[in-house]
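A short write-up of the structure that comes next.
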Amino acid sequence: MDSLPLSSIESLVIDMKKDLFSNKDKVAKTSAYDTAWLAMIPNNNQENEDNYGPMFESCVNWILNNQNELGFWGEFNVPTIDCLPSTLACMVALKKWGVGESQIEKGLKFIHANMDTLLKENSQCFPHSFTIVFPTILQLAKAQGLEIIFINGSNRLLSDVFMKKKSILESEKLNDQSDLAYLEKLSQSDIYINCVNKDDEILKQLCEEKNGSFFQSPSATAQAFMATGNEKCLQYLMSIVQKCPNGVPSRYPMDEELKVLCMVDNIQRMGLGKQFEKEIGQILDQVYKNYQVNNLDNNNDKETSYLPEKLFKDSLAFRLLRLQGYKIDEGIFCWFVHEPQIMEYIEKNQESFAYVMYNVYRATDLMFNGESDIEKARSFSRSFLVNNDNLSVLPSLQKVIEHELNVPWFARLEHLDHRLWIEFNQSISLSDGKSPFYWLSYLQNDKLTQLAVQNYEYRQSIYRNELEDLKRWSKDKGLVDIGFGREKTTYSYFASAASSSSFLPYESFLRMVVAKCSIVITVADDFYDEEASLSELQILTEAIQRWDAKTLDGPSKIIFEALDDLVCDVANMYHLQHKIDITPQLQHMWKETFHSWMMESLWSRTSNLPCMDEYLEVGMISIGAHILVLHAAALGCPTLPIEMLGPINGKYENITRLLMATTRLLNDIQSYQKEREVGKMNYTLLHFKENPNGQIEDSIDFVKGIVGNKKKEFLENVLMDGFNEMPRTMKLLHLSCLNVFHMFFNSCNLFDTKAAILEDIMRAIYIPLSQEEEQTSPMMPQQPSKTLQPMVQEKKMKKVEIAKVNACLNEKNLKKQVGIGISFVGRQGPKSYNNSFGWSNKGFASQKLRLCFM
């Protein structure tokens, strides 16, 4: 493995630790719009005195020195719709003090060249904040003598903006927090801030609150001060300029603990948690102590002005702390479900709470049994997000939220989730810090994103090499050319690698062990399901019990020898570490699994049906989940007691049994139709048979209820201490195993076509992030003649990648594939037998919709 990328990653990690965790006094990014408003304030707030000039000259200087080369002012190198009011505000400030003629001229050129395009691109849904701010600052610019020329239909688009603002003013209450931060709304004439009555009681009351700021908004506070001369406003403005002499941020002060929580969440979601494990632990320790000291006192900051920030922080803290194993009560963020007025307020302010409710919904993923308030919060937040019409303002966030709603957390592979979040970070272009999405500004760290990209692509290079090794092993053992069953090598490795990237190191033989176990399980399961006669299965089962291949030949011998090789490798690696032979424990797991497959074959081919409890005990073994996690755990958890590798008093550890039962029932919810066609039993079908007066939907709901409760109990066993003595890595292996099963069994999973699974394998292993993200921003000036050749080249590269993956997946098998390698049509059915349900065997399809590729 090339050490250069790794050394680069390690160097970036060191730099980021200094940048993120050492510089506690670092201020937020400068807001051109807010800085411009402070630059407009005259000295002593009097415009007719002898020493007339700007009160905050440093803000004027910032404007003079920070114009983008394209002519606009803003927080990004790419122009967005929010740079229009920022640019106008900066020009107004320069015009007011008679300076910066060249900058004003350049700014006007930008406005005239780009306003029509930017308005058109956002005409379907103008951002709420832009609608409030832009009409007023545009009229203020005209009042200052700036000549704004409207071309190419801009007048019609501007009219739409003005009408929308009028509609907002007429329909919303004046004291809604989402709009009070924009003091422009208070202006009756929308021409100039001084039209606001200086005796306005609303202004006086608001200026006396908190620290003299107007909802932590420097621009709004500047306008309030110019209207009222309020001393507390002035103190706030002077303090912020003293703290931020080179331009002021869009909000001040910010909740520092919330910023840190956002940073931790961002680091983990980009797949960098392992690199910052110590620092994250220290931060969450302190956050946990702070919440304990507060003793869940939720009466603070519950007024609507601070409600979004509080609910966002509480839900984010709950998720991060619970994921880390802290004992944190649901009340930390579910307090709002007991306050109808707050819930009604949230529903009426969709844009303000969109990102907040997204994080509330994410927090509800971590639900334990008995937490009814989380159930309510999940239902409320999901309904809010599904019915929210404001997400189109930020398409990249809309994509992330849709993914959250459509694919359950339990059914996602973290490596692909990391990619999605990195891509989201790369796409963030929101510049208005007072918008309902201002928290996204906490994520904007180009250096951290660069680190995440390098880390992801370095993992991809490792995964490609390991996959080649695995393909050679499968080929050498005869599993690739065995002549029946599902293609397995690439799928098995893909799922193994993509489900464990956050807690396994770069170089990890555990991925290979899990993938090899999965391949053997898949081949053997297909042999029992569809290929062999009962007598052939009996011979193989007895040979496995003896662990002796003397009587075997053909596929049976290939299966046994691959299995023996796998067990010997794992046992030898364990012996090198611990000087203990675990061969008997490993062999026992496989013996009982092969015996369970034999039992299921007998049930299917005879008239003897088990009861539901007997079926589940056997089915929990036959699903094979315990083999995957326990083989890996034996090698990856040095402190794991050897007793945990097998059943104690006839039963595995509760966390393992919960995994086994949940994966089996997930299979049986989704596969009952296929299994009914071939006459096989299934927990859902057995319940239906034992309850003949009900409908099949009733049986499905019954099993879903069991699965829901078991998943909650399982998650508590994974995250919380006190339920078992397993090391954390082993518990996370259990969770990653369930993620894979759940993904393949998820009824709304994305892998319904060959193209879909190919795309995800490519994104996980083959296509680098840097290649996919090298696209011209839609906000940049269009240059068609220069983009044609890269597009052609990209298509060629993508064809090459698809060819690579097709070759890896052995396309001759994929031609029979219906779903994701789990089920096939047109395959040979089992040898003739009388099925116990009396249903037809025609239209045979694979009946065990289980984990095939882990």
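The values are calculated or read from the model by the stated rules, or taken from the named source; none is laboratory data. Since the model is a prediction, treat every value here as computed from it, not as a measurement. Glycine also receives a Cβ, built like all others from the backbone with ideal geometry; neighbour counts cover every protein chain displayed. Surface accessibility is based on the protein's heavy atoms, side chains included, excluding ligands, DNA and RNA. Shrake-Rupley method; radii C 1.70, N 1.55, O 1.52, S 1.80 Å.
Sorting check: for 691-697, 629-635, 102-108, which peptide has the highest mean count of neighbouring beta carbons within 10 Å, and how do the rest follow?
Ranking the peptides 691-697, 629-635, 102-108 by packing returns 629-635, 102-108, 691-697.
Please compute the per residue accessible area over region 451-766 with all protein chains in place, 1.4 Å probe, rounded to a whole number of Å². If you can, show how the numbers build up before the last one.
Details: 10950 Å² over 316 residues.
In whole numbers, region 451-766 has 35 Å² accessible per residue.
How many angstrom lie between the C-alpha centres of region 665-704 and region 382-408?
33 Å
Using every Cα-Cα pair within region 266-418, state what percent have a distance larger than 26 Å.
27 percent
Could you give the dipole magnitude of region 109-165 about its Cα centre, charging the beta-carbon of Lys and Arg +1 and that of Asp and Glu -1, in debye to the nearest 20?
That gives a dipole near 80 debye.
Could you tell me which of the pairs Lys29/Lys259; Lys711/Lys731; Lys232/Lys259; Lys488/Lys557 are separated by over 21 angstrom between their Cα atoms in the structure shown?
On the way: Lys29/Lys259 13 Å; Lys711/Lys731 14 Å; Lys232/Lys259 26 Å; Lys488/Lys557 19 Å.
Cα-Cα > 21 Å for Lys232/Lys259; rest within.
Using the Kirkwood radius built from alpha carbon pairs, what does the Stokes-Einstein equation give as D for region 451-766 at 4 °C and 1.567 mPa s, in µm² per second?
Stokes-Einstein gives a translational diffusion coefficient of 63 µm²/s.
Pairs Lys313/Lys376; Lys106/Lys165; Lys274/Lys516: which exceed 22 Å Cα-Cα? Each step should come with its number before you reach the end.
Numbers: Lys313/Lys376 19 Å; Lys106/Lys165 29 Å; Lys274/Lys516 26 Å.
Result: Lys106/Lys165; Lys274/Lys516 exceed 22 Å.
Of the listed peptides 232-245, 733-746, what is their order by residue-averaged count of other C-beta atoms within 10 Å, with the highest listed first?
733-746, 232-245
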